[in-house]
Amino acid sequence: MQIGNLKLANRIVIAPMAQYSAEDGQMNDWHLMHLGQLAVSGAAALTIEGTAVSSEGRTTYADVGLYSDESEASMARVLHGVRRWSDIPIGIQLNHGGRKASRQKMWDGGTQIPPGQPNGWKTYAPSPIAFAAADTPPVALDRNGLAAIRHAFAAAARRASRIGLDFIQILGAHGYLLHEFLSPLSNRRDDEYGGSLENRMRFPLEVFDAVRDAFAHGRPVSMRVSGTDWVEGGWSLEETIAFVEALQARGCAAINVSSGGSSPSAQIPIGPGYQLPLARAVREATTLPVIAVGLITEFEQAESILRSGDADLIALARAILYDPRWPWHAAAHFGTQIKAPKQYLRSQPSGLRNLFL
């Protein structure tokens, strides 16, 4: 498989997974250990967790950032450590939390921390509408605020380019800032950034253009989208397809199809492969590579998604945290071969002597 100019060894990619372990936006040895084990998993690409483009864009106070010299240096250090031992392509997901920023770590409940409280700050969004009833309403972004966020995304992309990341995924899903502009549930603006679908897509497309222009050497830039809000009157699959078509016209390299995140009252039919109909619809409407994600855990399940044409690649998240050798076991299951570090070649079971390349 090839995404832009990036060649992939197989159809397994590792999704970005928040670790809530950074300090002032800076990576540390936890990230070196976490990314290091995933980098020798046999997957074709590894995506660094959702990374804030500004301090107030962090979803929690423990999110990774790429908005300062210190955060850039800490990420470069982790990358250097991982790349000493693995040649897996490594990218990053860039994000701004919008009205869902300033929260507790997920294992501490994930509730919003009000501005002025320790580890809390003022949040920003398209409109002054809180995500949850107990949240402090965000400040509606004015033109200067919009310009600052566009600049922050571009600056983060330049930092990503400088430290040698191979690709960028922009997070336009899960109820964070760019998705907030897309969804009528959170965007009630009456200027050129609100109202019609064309207007609601305007700011996310401007951000995509800014990142694409700032990320050097033609390396791929993709987008993660929510195919639906799962709420009547919210962001829809039809609107998603129109957004993807606009992204494709601007040089987007791939689309990762997820869902939800705009409303705590969403009725999401969670189960194995529950987002596949969304991925399938997007794939039928575009020639872009489509990445499926969401409760894909079994080898045959993943293979059937590819063979049926529902998606072009499989993104693993919790499944590969639980089993960091998932790609090895999938290769053994299907009787094929996979790359492994030389240090681990002797680990092959006696009946699988041809597993490792």
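Readers should treat all values here as calculations from the given coordinates under stated rules, not as data from a laboratory. Predicted, not measured: the structure shown is a model, and the values here were computed from it. For neighbour counting, all protein chains shown are included, and Cβ atoms are generated from backbone atoms with ideal geometry for every residue, glycine included.
Given the structure, is residue 209 over 14 Å from residue 247 (Cβ atoms) and either touching a helix residue (DSSP H, G or I) at 6+ places or on another chain (Cβ under 7 Å) or not in a strand (DSSP E or B) (or both)?
Numbers: over 14 Å from residue 247 (Cβ atoms): no; either touching a helix residue (DSSP H, G or I) at 6+ places or on another chain (Cβ under 7 Å) or not in a strand (DSSP E or B) (or both): yes.
Against the criterion (over 14 Å from residue 247 (Cβ atoms) and either touching a helix residue (DSSP H, G or I) at 6+ places or on another chain (Cβ under 7 Å) or not in a strand (DSSP E or B) (or both)), residue 209 does not qualify.
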Across region 88-144, which residue is farthest from residue 184 (Cα to Cα) among those that are touching a Phe, Trp or Tyr at 6+ places or on another chain (Cβ under 7 Å), crowded, with 21+ Cβ neighbours inside 10 Å and hydrophobic (A, V, I, L, M, F, W, C)?
-> 94
Would region 246-261 turn up any residue that is crowded, with 20+ Cβ neighbours inside 10 Å and basic (Lys, Arg)?
-> no
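Going residue by residue through region 285-307, is there one that turns out to be more than 21 Å from residue 43 (Cα to Cα) and buried (at least 18 other Cβ atoms within 10 Å of the Cβ)?
Taking region 285-307 first, the residues more than 21 Å from residue 43 (Cα to Cα) are 285-287.
If we keep only those that are buried (at least 18 other Cβ atoms within 10 Å of the Cβ) too, we end up with none.
No: region 285-307 contains no residue that is more than 21 Å from residue 43 (Cα to Cα) and buried (at least 18 other Cβ atoms within 10 Å of the Cβ).
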Could you list, in sequence order, all residues of region 1-19 that are in contact with a strand residue (DSSP E or B) (Cβ under 7 Å, 6 or more places away or on another chain), in a loop (DSSP other than H, G, I, E, B) and either under 20 Å from residue 357 (Cα atoms) or polar (S, T, N, Q) (or both)?
-> 1, 8, 11, 19
Of all residues in region 20-55, count the ones that are part of a loop (DSSP other than H, G, I, E, B), surrounded by fewer than 18 Cβ atoms within 10 Å (Cβ to Cβ) and in contact with a helix residue (DSSP H, G or I) (Cβ under 6 Å, 6 or more places away or on another chain).
-> 1
Does residue 340 satisfy the criteria of being of a type in the set (Gly, Ala, Ser), more than 23 Å from residue 224 (Cβ to Cβ) and in contact (Cβ under 8 Å) with a residue 24 or more places away in the chain?
-> yes
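Answer with yes or no whether residue 85 is part of a helix (DSSP H, G or I), over 20 Å from residue 186 (Cα atoms) and not aliphatic (A, V, I, L, M).
Numbers: part of a helix (DSSP H, G or I): no; over 20 Å from residue 186 (Cα atoms): yes; not aliphatic (A, V, I, L, M): yes.
Criteria not met by residue 85.
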Go through (1) closer than 26 Å to residue 223 by Cβ; (2) surrounded by 18 or more Cβ atoms within 10 Å (Cβ to Cβ) and name the single condition residue 76 misses.
-> (2)
Determine whether residue 70 is among the charged types (D, E, K, R) and either crowded, with 17+ Cβ neighbours inside 10 Å or within 18 Å of the chain's Cα centre (by Cα) (or both).
-> no
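If we scan region 245-261, do we find a residue that is within 17 Å of the chain's Cα centre (by Cα), part of a helix (DSSP H, G or I) and within 24 Å of residue 92 (Cα to Cα)? Talk me through it step by step, then tell me what you get.
Within region 245-261, the subset within 17 Å of the chain's Cα centre (by Cα) is 247, 252-261.
Remaining after also requiring part of a helix (DSSP H, G or I): 247.
Subsequent filtering for residues that are within 24 Å of residue 92 (Cα to Cα) retains 247.
Yes.
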So which of 197, 177 ends up being closer than 30 Å to residue 310 by Cα and crowded, with 22+ Cβ neighbours inside 10 Å?
-> 177
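With the condition kept exactly as written, say whether any residue in region 142-149 is in contact with a Gly (Cβ under 9 Å, 6 or more places away or on another chain) and either part of a strand (DSSP E or B) or under 15 Å from residue 206 (Cβ atoms) (or both). Explain how you work it out, then say what you get.
As a first pass, look at region 142-149 and keep what is in contact with a Gly (Cβ under 9 Å, 6 or more places away or on another chain): 149.
Remaining after also requiring either part of a strand (DSSP E or B) or under 15 Å from residue 206 (Cβ atoms) (or both): 149.
Yes.
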Report yes if residue 185 is surrounded by 24 or more Cβ atoms within 10 Å (Cβ to Cβ) and either in a loop (DSSP other than H, G, I, E, B) or touching a Pro at 6+ places or on another chain (Cβ under 6 Å) (or both), otherwise no.
-> no
